[in-house]
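For reference, the structure discussed in these notes is given below.
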Amino acid sequence: MALPAERRQQIANIVKERKGVTCVELCRHFNVSPGTVRKDLETLEEQGCLQRTYGGAVLTEPVREKTVRFAEREVINAEIKDRIGARAAEMVCDGETVFIDASTTSLFVAKHLRGRRGLTVITNAERVVSTLCDEADIRVICTGGELRKSNLSYVGETAEALIRNGFYADKMFFSCCGISKKFGIFDAVESEANIKKAMFASAESVILLCDSSKFEKLGFPKLADFDMVQTVVTERQINGAWAEVFGERGIEVLTAR
């Protein structure tokens, strides 16, 4: 019999693949009681992985959000993303090596790195490559892998292995689909999350780019706990409970100008 955490992960995968499932099906599949299934679904709903319905569960909207094509997402909150990208780019020193993920917010970091000297940028984002391809003094390395056409990004085991086994970076810049004080940091596409996790493991410092619209927003899969992050860059002053969350973990918060 699977451990509770393993069973819940399997349930989340089933709902993601089939868009919905009934409690009866889950009881039969895992040979557990209705009460156990009910608790599993309650936990997964709290994590934003699914939405409970009468007699089962369905896929939640946050997971579907990333199906919007990159060009459409790039213009959403573009002014805020640009400010965050500019503030984050100030953290990069000439001569450093940086990871940049394939999020639209991270693309704005790349735009503000143009004109810098002696940098190496490692990315799985085709748009980052095209943004920096004419920069004579910036070395650009693309992971390769399978192209996700909707996101213009490269994913899969080839890309993950290249990052884990071949490269090290001074800083890693990434964004997410949501963050929760209780549960941590979430993405919306598992293959993209795996690339980011590989970058986490090979970076000296990890910087989260997160505008205020993503606070207390859940998704699937879970990407990381806050302990993985050293710095958060956002567009508004952080106070109250969120200040406590970041302060307790020693996370520096930078506010975009």
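The values are calculated or read from the model by the stated rules, or taken from the named source; none is laboratory data. These figures come from a predicted structure and were not determined experimentally. Ideal geometry is used to build each Cβ from the backbone, glycine not excepted, and the neighbour counts take in all protein chains shown. Please note that ligands, DNA and RNA were not included when accessible areas were found on the heavy atoms of the full protein model with its side chains. Shrake-Rupley method; radii C 1.70, N 1.55, O 1.52, S 1.80 Å.
Some observations on this one:
- Scanning the stretch 59-81 for residues that are in contact with a helix residue (DSSP H, G or I) (Cβ under 8 Å, 6 or more places away or on another chain), in a strand (DSSP E or B), at pLDDT below 90 and surrounded by 14 or more Cβ atoms within 10 Å (Cβ to Cβ) turns up at least one hit.
Yes/no matrix, rows are residues, columns are (1) open to solvent by 70 Å² or more (accessible area, probe 1.4 Å); (2) under 22 Å from residue 180 (Cα atoms); (3) touching a strand residue (DSSP E or B) at 6+ places or on another chain (Cβ under 6 Å):
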position	(1), (2), (3)
6	yes, yes, no
18	yes, no, no
24	yes, no, no
33	no, no, no
41	no, yes, yes
55	no, no, yes
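- Here residue 128 meets each of (1) open to solvent by less than 10 Å² (accessible area, probe 1.4 Å); (2) free of Cβ contacts under 8 Å to residues at least 60 places away in the same chain; (3) under 15 Å from the mean Cα position of the chain (by Cα) with one exception, condition (3).
- The residue list 185, 141 contains one member that is in contact with a strand residue (DSSP E or B) (Cβ under 7 Å, 6 or more places away or on another chain), open to solvent by less than 10 Å² (accessible area, probe 1.4 Å) and either in a loop (DSSP other than H, G, I, E, B) or not acidic (Asp, Glu) (or both), which is 185.
- Residues (within 26 Å of residue 246 (Cβ to Cβ), in a loop (DSSP other than H, G, I, E, B) and among the hydrophobic types (A, V, I, L, M, F, W, C)) located in the stretch 154-182: 176, 177
- Considered as a group, the residues in the stretch 194-209 that are buried (at least 24 other Cβ atoms within 10 Å of the Cβ) and not in a strand (DSSP E or B) include one that is nearest to the chain's Cα centre (by Cα), and that residue is 196.
- Of all residues making up the stretch 229-241, the number that are in contact (Cβ under 8 Å) with a residue 12 or more places away in the chain and either surrounded by fewer than 18 Cβ atoms within 10 Å (Cβ to Cβ) or in a loop (DSSP other than H, G, I, E, B) (or both): 7
- Qualifying residue in the stretch 103-117 (condition: open to solvent by less than 40 Å² (accessible area, probe 1.4 Å), more than 18 Å from the chain's Cα centre (by Cα) and at pLDDT 95 or above): yes
- Candidates in the stretch 146-168 are the residues that are small (Gly, Ala, Ser) and under 18 Å from the mean Cα position of the chain (by Cα); of these, the one that is modelled with the lowest pLDDT is 150.
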